[in-house]
Structures are given as structure tokens and as C-alpha cells.
Amino acid sequence: MSTHLQGSLFDQTDDIRLGPPHGLRRTRLGDGAWIDLLPGWLSGAGALFTRLAGEVPWRAERRQMYEQTVDVPRLLAHYGADDVLPHPVLDEARDALSAHYAEELGEPFTTAGLCYYRDGRDSVAWHGDRTGRGAREDTMVAILSVGTPRDLLLRPRRGGSTVRRPLGHGDLLVMGGSCQRTWEHAVPKTTRAAGPRISIQFRPHGVR
């Protein structure tokens, strides 16, 4: 599988490692929802992207939409609580997030879902992670991004202004509070030249 990744000028190392999570900055979105952002949490993000792109058992899915079955516009992989993650730094990231948010979340992050956006035609539509406990409880979803930045959009479900955050090159974004119930998020298609990106989403048990 060809990746054609344009690396970041600020992350040219092959040493894949995490920085401390202490620089997270919170933005309160309203209705009890918030996001934390930490650009460049992971160094060596280009090297990790290459490893994941080549070694993860990616799968293509098809889903029913209205009267037809369509291709899901991205590749997917999922790792449960007892599965071995595809790189040790992802175990470190999950443990670091569980420790950092232990008091606020009250439980660890357990699962990891991976999405591979191959180019600007790949996307994910507006949604909230409301399959499971996220539909009725405050929770958190942490997203670690490697590869070319793509815009993550957030909008309130009741209507209002859209928040835009470009994510890639080892950036971390955490959605918390009521975010999955009261807000939606998406990665839209783009006609601009867009290289590949992989997002790793860490979630607590029972949140999808």
C-alpha cells in the first residue's frame, strides 16, 4: 500500500516517543462539552505512521445507506481491551491518558480504534460516539493523529457555529464531558491535495 506521506518540518526524527501530557489546553464548547488539545504530543509521528500503514491489518467495510450498500470511505482496525496494540507507544499513550484523566474520568481508556484516511476523498460523516454509554453518560474519547493534518470539525447538535481543528503529526485531541451527546464531529472530504492520515481513538469500556 502506497502512503506518499509528506513529513512535518518540525518532526524529522525516527525516535517514536511521547512527551508529557501537561501542555493540554482546554476549550469549553458549551452544554457541558469540552476539548483538550496538545499539538505534537508524539515525536517520530512520521515513523509511526509508516509502521501502522504497513503493518496494521486494515479492513474495508461496506454499510447500508438508504436503498444501497456503499463503501465506507476509510480503512478501519479495532483493538479490544485484551488485544495487543500494533506498536508499544500506543500502549504508553493509553496508559498515560488513563493516568492523566484518572480523577476526572474515573476509569481507564481500554480500547483503540484506528482509521486510515488515504487521501482527501476519505472522510467520516457528522456523528457522536453514542453507541453504548456515550449516549447517556459523560465520557471521553482521545484521538492521536499521525500523518498529514486533516481538519476535525465539531458542531453543536442543536445548531450553532462549527469549531475546526487540524490534526496530524502527533497531535492529541480529547473530547470530554457531554461532547458525544451534545456535539457532533466529522472529518470532511476535501478537494485540496491531502496526504494520508491515521487517527487512533482511545475509548473507555462500553463507548463506541
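The values are calculated or read from the model by the stated rules, or taken from the named source; none is laboratory data. Source: prediction; values computed, not measured. Note that each Cβ is placed from the backbone with ideal geometry, even for glycine, and that neighbours are counted across all protein chains shown.
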### Message
Please go through the stretch 118-144 and give me each residue that is surrounded by 16 or more Cβ atoms within 10 Å (Cβ to Cβ), free of Cβ contacts under 8 Å to residues at least 60 places away in the same chain and assigned to a strand (DSSP E or B), ordered by number.
### Response
Ile143
### Message
Anything in the stretch 169-191 that is buried (at least 24 other Cβ atoms within 10 Å of the Cβ) and of a type in the set (Gly, Ala, Ser)? List them, or say none.
### Response
Gly170
### Task
Could you look through the stretch 183-198, keep only residues that are touching a Ser or Thr at 6+ places or on another chain (Cβ under 7 Å) and among the small types (Gly, Ala, Ser), and pick out the one that is farthest from Tyr116 (Cα to Cα)?
Ala194
### Query
From the set of residues in the stretch 3-18 that are in contact with a Ser or Thr (Cβ under 7 Å, 6 or more places away or on another chain) and over 15 Å from Leu52 (Cβ atoms), which is modelled with the highest pLDDT?
Arg17
### Query
Since Arg25 meets every condition but one in (1) modelled with pLDDT of 95 or more; (2) loosely packed, with under 11 Cβ neighbours inside 10 Å; (3) under 23 Å from Pro188 (Cα atoms), which condition does it not meet?
(3)
### Task
Determine whether Ala53 is surrounded by 19 or more Cβ atoms within 10 Å (Cβ to Cβ) and under 27 Å from Ala194 (Cα atoms).
yes
### Summary
Expected output for the stretch 29-41 (first residue outside any strand (DSSP E or B), partner crowded, with 19+ Cβ neighbours inside 10 Å, Cβ below 6 Å, 6+ apart or cross-chain) is Asp31/Ser178; Gly32/Gly177; Gly32/Ser178; Pro39/Asp171; Gly40/Gly170; Trp41/Gly170; Trp41/Leu172
